[in-house]
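Colleague: I am attaching a structure below and will ask some questions about it afterwards.
The values are calculated or read from the model by the stated rules, or taken from the named source; none is laboratory data. Because the structure is a prediction, the values reported are computed rather than measured. When we count neighbours, we look across all protein chains shown, and the Cβ atoms used for this are built from the backbone with ideal geometry, even at glycine. What goes into the accessible areas is simple: the full protein's heavy atoms, side chains included, and nothing from ligands, DNA or RNA. Shrake-Rupley method; radii C 1.70, N 1.55, O 1.52, S 1.80 Å.
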Amino acid sequence: MDDHFPSEGRRRVVIENLQPRFEDGAFPIKRIVHDPVTVTVDIFTDGHDHIVSLLRYRADEKQPWTEKPLEPQGNDIWRADLNISKIGLWQFCAIAWVDHFVTWRYDLTKRAAAGQDLAIEFQIGANLIAPIAERAKAKHPEDAQFLADQLLRLRSDRPQHERTEIALGGHLEQLMIKHADRTLATQSKVQEILVDRPKARFSTWYELFPRSCGEPGKHGTFRDVIAKLPGIAEMGFDVLYFPPIHPIGDSFRKGKNNAPNAQPDDVGSPWAIGNHDGGHDGLHSQLGTLEDFQALRIAAEKHGIELALDLAYQCAPEHPYVKEHPEWFKLRPDGTIQYAENPPKKYQDIYPFDFETPAWQSLWRELKRVVDYWVAQGIKIFRVDNPHTKAFPFWEWMIPEVKKAAPDVLFLSEAFTRPRVRYRLAKLGFSQSYTYFTWRTNKAELTDYFGEIARPPVNQFFRPNLWPNTPDILHASLQHGGRPAFLIRLILAATLGANYGMYGPAFELCDGEPREPNSEEYLDSEKYQLKNWTWDHADSLRPLITTLNRVRREHAALQHDETLSFHPTSNDAVLAYSKHSHDGRDLILVVINLDPFHPHEATVEWNPALLGRHLPMDYEVRDLLSGANQIWHGHSATVVLSPEHPAQVFHVG
C-alpha cells in the first residue's frame, strides 16, 4: 500500500517570509559594503516546544557558514542584524529546530519556582546531554568533556538547588545548541545579497569624447585629456566616461550629422568598432597607445577620478571577428552578414552579434575575455551600450563570472527600453541603470516615477543613474527652455539621484540645438565629428555644477535614494522633495520651479517630524546654493523662484 508519506514527517518547524528578499529570492538584493542588513523571518512550530533559530551567512559560497542566534521579537517573528563586511555575493538563510533541551530547561525553571521535586527532571536532562556529549567527541573533545561533566553532576546526589544551577548554566546551553542534532532541522531557501563598493550607490559621471580634446581642427589624444582632468575634478566629478575608444571601421562610415556617405576626412562613429588595427581590446591609433591610456588612467586616479569605458558589443565590417568568427553573426540569404537595422533605418556600419548562434559558448567566452582584458588594464567601471539587445542569459552568466575574480567591477546599463526589460537587466546584476528621468519633466511625472523607483521592491535591485542628456538624447525641454531648462534639469538630476551624469561639454555649455525639428539628435553631433568646445564660455554651468557636486559630497542625505519623500506645494509648477541621512542628522529639502519661462511662488507643506527630525516651531534653514539663511516657522513655508534661479536646496536645522 502506497501511503504517500513525506520524506521526513518529523520535521516540525515552519520557516516563512525570510526578509529582505524579492521575487521569492529568485535574484539577489543589492547593498553597499558595511550597510546594516536586518534579517527578519517567521518561525514557528506546533504545540509548546521551544525552538532554536539561527541566521546562517557567508560572504562566498565556497566558505563555511557563520551562525548567529535569531532573537524572538514576538508573534513568531525572529530577527538578527547582518554585518556585510566585504564586497561580493553574500548568502544567508535561517535554520531552526525543536530543541528538547531548551524546552526542558524552560520547564525546569517553572518547576523549581513551584518547589517541585526535580529528581526525575535531572535524569531527563542528563539523558538529553549524553548523546550531544558523544557527538562532540570527534571534533571538539574539550566541549565533550564539559558536557560529560555536567551530566554527571546532574545524575549526582548534590542538593537540588546546586543541580538546578548546573542545568541553567549559560555555557551548557551554548554547547548544547552548538552540537545539537539537526537531523530534523528546517532550513529556509538560501537568499543572496550582491554587495558592491560605495561608488555603486553614489557617483557623479562626466561623459567626454577624447577625440574632441585636441587643438581646433586636430584629433584629440589621451594625452590631451590629461590636460582636462583638473577642470573635471574641480567640478566634482569622480567618474569620467568615454564612448568607445577602439579602432573605427571604414566601410559604410557615417559622415557628419549621420550622413550615409562619409567624406575622406570624416572620423566616423566610435560605435562602429574594429578595423585592421584591432577590435574591442584595441585602441584607436589617433587617440594614442596603451602606454598613453595608462598615463591618463593614472593621472585621473590622482585627481580622484575613475575612468569608465563603453562596452558596445557590436562590430564594424572590418572587425577581426568578422573574418575569424563569421559563425558569431547572422547570415542573409545572399551570404552577406546581417547589419543592424531599425526599419526603415539601416546601419550598414554595424554588425550585431547573433546570440542564437550554435557557437554561443565561444562567443560568450570571447565577450567576457574583452571585459577581463580591460579589468587587467585597471578599468573597473563599464557603461554597457544597449544591453537589452543581447540575450538575458548572457548577462546572467557574464556579470557574476567577471565579479568572481573582480568583485569591485561596476556595470551601468544603458537600456532605454520597456520597464520590465530594464528591470530584468538590473536583477541580473547591473550595478546601475539609466532611467526615464530624461523624459519626466512635470510634477506628476516626476513624483509618480520616482515614487516607483525609490521604493520597494524596485529599490531592492534597481539603482538609478540620472542623465539629463546623452550624445543620443537632446530632450525637447533643453531645446526650447534655454539656459533655465539646463539649470532645472541639472539640479533635479543632482539632488533626486545619488548617481547622476551628464554628456559633459554639451550640457555644461547649454548646447540645445537639434539637428531638425522634433528630433532628439544634436546638430553637428559629436558622434560623427570632432567638436571644438569653448570650455571657458561665459554662460557655462560650471559654477553651479561645482557647487552642486560639493553639496552632494558634504551631505550624506544626497548620497542614497531610499529616503526620498515628496511634499505638497500650492503650485503645480513647483516641486518639493526631501532626503535625509539614515542617522537622521542630515536633512535636505529641495524646492524647484519646473517652468523655465516664468517665476513662480508656492507654499510648501511638510512635517520634519515625519522624517525623523523634531525641530522647534522656529528653526533655521540654509540655502546651500546661495548661502542665505532663513528662519522658518512650523510646517509650511513660502518660496519665490525665478527661471534664472529656479531652486533652493535647503539644509534644515
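Colleague: With contacts defined as alpha carbon pairs under 8 Å and 6 or more residues apart, what's the relative contact order of the range 134-281 in percent?
Modeller: Working: 129 pairs, mean separation 20.5, N = 148.
Relative contact order, the range 134-281: 14 percent.
Colleague: So, one more: Classify the range 19-85 as rounded, prolate or oblate, taking a ≥ b ≥ c as the square roots of the eigenvalues of its Cα gyration tensor: rounded when a/c is under 1.5, otherwise prolate if a/b is larger than b/c and oblate if not.
Modeller: Details: a/c = 1.97, a/b = 1.69, b/c = 1.17.
Verdict is prolate for the range 19-85.
Colleague: For the range 140-252, what does the accessible surface come to per residue with a 1.4 Å probe? Please give it in Å². All intermediate terms of the calculation are to be shown ahead of the outcome.
Modeller: Values: 4680 Å² over 113 residues.
With the other protein chains kept in place, the range 140-252 gives 41 Å² per residue.
Colleague: Where does the range 4-150 land on Rg/Rh, using Cα atoms and the Kirkwood Rh?
Modeller: Details: Rg = 18.9 Å, Rh = 18.2 Å.
Rg/Rh: 1.04.
Colleague: Using a 1.4 Å probe on the protein heavy atoms, what percent of the accessible area of the range 584-653 belongs to carbon and sulfur? Write out the running numbers ahead of the final one.
Modeller: On the way: 1810 of 3380 Å².
Whole-percent figure for carbon plus sulfur exposure: 54.
Colleague: If each residue of separation counts as 0.36 nm, what is the full-extension length gain between Asp266 and Ala444 once their alpha-carbon separation is subtracted? Don't jump to the answer; show the numbers that get you there.
Modeller: Numbers: separation 178, 0.36 × 178 = 64.08 nm, distance 4.39 nm.
Net length gain for the segment: 59.7 nm.
Colleague: Near the amide H of Leu307, under 5 Å away, which other amide H atoms are found, from residues 5 or more places off or on another chain, if H is placed in the peptide plane?
Modeller: Under 5 Å from the amide H of Leu307: Leu240.
Colleague: What is the extension gain from Ala114 to Ala406, computed as 0.36 nm multiplied by their sequence separation minus the C-alpha to C-alpha distance, in nm to one decimal?
Modeller: Working: separation 292, 0.36 × 292 = 105.12 nm, distance 6.19 nm.
Value of the extension gain: 98.9 nm.
Colleague: For the full complex of protein chains and a 1.4 angstrom probe, list His4, His537 by accessible area with the highest value first.
Modeller: Details: His4 145, His537 90 Å².
Largest accessible area first, the residues go His4, His537.
Colleague: May I pose another question? Restricting things to alpha carbons, find the Rg to Rh ratio for the range 535-625 using the Kirkwood radius for Rh. Before the final figure, lay out the partial values.
Modeller: Numbers: Rg = 15.0 Å, Rh = 14.9 Å.
Value, to two decimals: 1.01.
Colleague: For a quick check of your reading of the filter: which chymotrypsin sites (Phe, Trp or Tyr not before Pro) in the range 319-360 sit in a DSSP loop and have no more than 10 other Cβ atoms within 10 Å?
Modeller: Working: sites: Tyr321, Trp328, Phe329, Tyr339, Tyr347, Phe353, Phe355, Trp360; in loops: Phe329, Tyr339, Phe353, Phe355.
For chymotrypsin sites (Phe, Trp or Tyr not before Pro) across the range 319-360 that sit outside H, G, I, E and B with at most 10 neighbouring Cβ atoms in 10 Å, the list is empty.
Colleague: With the convex hull built on the Cα atoms of the range 594-653, state its orientation-averaged projected area in nm². Intermediate results must be reported in sequence, preceding the final value.
Modeller: Numbers: hull surface 16.6 nm².
Spelled out: convex hull of the Cα atoms, projected over all directions, averaged, 4.2 nm².
Colleague: Next up: What is the antiparallel percent of DSSP beta bridges lying wholly in the chain, to the nearest 5? Walk me through the numbers before you get to the answer.
Modeller: Working: 73 of 104 bridges.
Close to 70 percent.
Colleague: Here is a further query. Kindly provide the pair-distance distribution of the range 175-275 built from C-alpha pairs, with 5 Å bins from 0 and whole-percent values in order of increasing distance.
Modeller: In order of increasing distance, the bins hold 2, 9, 12, 13, 12, 9, 8, 6, 4, 3, 4, 4, 5, 3, 3, 1, 0 percent.
Colleague: How high is the relative contact order of the range 430-562? Use alpha-carbon pairs under 8 Å, at least six apart in sequence, and give a whole percent.
Modeller: Values: 153 pairs, mean separation 33.7, N = 133.
Relative contact order comes out at 25 percent.
Colleague: Give me P(r) over the chain, computed from all C-alpha to C-alpha distances, binned every 20 Å, as integer percentages.
Modeller: Pair shares across the bins are 16, 40, 27, 14, 3, 0.
Colleague: Taking a probe of 1.4 Å, how large is the accessible area per residue of the range 395-490, in Å²? Could the numbers behind the result be given before it?
Modeller: Working: 3080 Å² over 96 residues.
I get 32 Å² per residue for the range 395-490.
Colleague: Under a point-charge model restricted to the Cβ atoms of Lys and Arg (+1) and Asp and Glu (-1), what is the dipole moment magnitude of the range 421-524 relative to its Cα centre, in debye to the nearest 20? Please report the intermediate quantities before stating the final value.
Modeller: Values: 10 positive and 11 negative charges, 131 e Å.
The dipole of the range 421-524 has a size of about 620 debye.
Colleague: Can you spot the lysines whose alpha carbon is less than 17 Å from Lys531's alpha carbon? Ignore those fewer than 8 places along the same chain.
Modeller: Result set, ordered by chain and number: Lys218, Lys228, Lys254, Lys256.
Colleague: Tell me the Kirkwood hydrodynamic radius of the range 232-275 in angstroms, computed as one over the mean inverse distance between distinct C-alpha pairs.
Modeller: Details: mean 1/r = 0.0825 Å⁻¹.
Value: 12.1 Å, from the Cα pair sum.
Colleague: Further question: List the residues whose amide H sits under 5 Å from the amide H of Ser53, counting only those 5 or more places along or on another chain, with H placed 1.01 Å from N in the peptide plane.
Modeller: Amide H to amide H, under 5 Å and 5 or more residues apart or across chains, Ser53 pairs with Leu70.
Colleague: Further, regarding this structure: For Lys427, give me every one of the lysines with a C-alpha distance below 16 angstrom, ignoring sequence neighbours fewer than eight places off in its own chain.
Modeller: Hits, sequence-local ones excluded: Lys30, Lys390, Lys403.
Colleague: Related question: Please report, in Å, the Rg and the Dmax of the range 5-56, where both are computed over Cα atoms only.
Modeller: For the range 5-56, the Cα-based Rg and Dmax read 14.8, 45 Å.
Colleague: Right, here's the next one. For the chain, find the longest principal axis of its Cα atoms and tell me its angle to the long axis of helix 119-136, 0 to 90°, nearest 10.
Modeller: 50 degrees
Colleague: Now, a different point. Calculate, for Ile337 and Ala26, the FRET efficiency according to 1/(1 + (r/R0)^6) with r their C-beta to C-beta distance and R0 35 Å; round to the nearest 0.05. Please report the intermediate quantities before stating the final value.
Modeller: Details: r = 37 Å, r/R0 = 1.04.
The formula returns an efficiency of 0.45 here.
Colleague: Let me ask something else. List the aspartates and glutamates whose alpha-carbon lies under 19 Å from that of Lys330, not counting same-chain residues fewer than 8 positions away?
Modeller: Glu318, Glu341, Asp349, Asp354, Glu356, Glu366
Colleague: Compute log10 of I(q)/I(0) for the range 268-314 with the Debye formula, placing one identical point scatterer on every Cα and leaving out solvent, at q = 0.19, 0.20, 0.22, 0.26 Å⁻¹, to two decimals.
Modeller: Taken in order of the listed q values, log10 I(q)/I(0) reads -0.71, -0.77, -0.88, -1.06.
Colleague: Kirkwood hydrodynamic radius (Cα pairs, Å) of the range 121-229?
Modeller: 19.9 Å
Colleague: What is the set of long-range amide H partners of Gly501 at a cut-off below 5 Å, with H atoms built 1.01 Å from backbone N?
Modeller: Distant-sequence amide H within range of Gly501: Trp205, Leu466, Trp467.
Colleague: Output needed for the range 61-140: three equivalent-ellipsoid semi-axes, defined as square roots of 5 times the C-alpha gyration tensor eigenvalues, in descending order, whole Å.
Modeller: Values: eigenvalues 238, 79, 14 Å².
Result for the range 61-140: semi-axes of 34, 20, 8 Å.
Colleague: Taking N as the number of residues in the range 303-410, what is its alpha-carbon radius of gyration divided by 2.2 N^0.38 Å? Display every interim value, and only then the final one.
Modeller: Details: Rg = 15.2 Å, N = 108, 2.2 N^0.38 = 13.0 Å.
With N residues counted in the range 303-410, Rg over 2.2 N^0.38 Å equals 1.17.
Colleague: Would you mind putting 624-637, 567-580 in packing order, based on average other-beta-carbon counts within 10 Å, highest first? Please list the in-between numbers first.
Modeller: Numbers: 624-637: 13.9, 567-580: 20.1.
Output ranking for 624-637, 567-580: 567-580, 624-637.
Colleague: Which order do peptides 401-413, 362-374 fall in by mean Cβ count within 10 Å, highest first? Present the calculation step by step, with values, prior to reporting the outcome.
Modeller: Details: 401-413: 18.8, 362-374: 16.1.
Put in order of decreasing packing, that is 401-413, 362-374.
Colleague: A follow-up question, please. How many percent of all Cα-Cα pairs in the range 382-523 sit more than 22 Å apart? Could the numbers behind the result be given before it?
Modeller: Numbers: 4220 of 10011 pairs.
The answer is 42 percent, as a whole percent.
Colleague: For Cα pairs less than 8 Å apart in space and 6+ apart in sequence, what is the mean separation divided by the residue count of the range 317-399, i.e. the relative contact order in percent? Write out the running numbers ahead of the final one.
Modeller: Numbers: 50 pairs, mean separation 19.1, N = 83.
Once normalised by length, the contact order is 23 percent.
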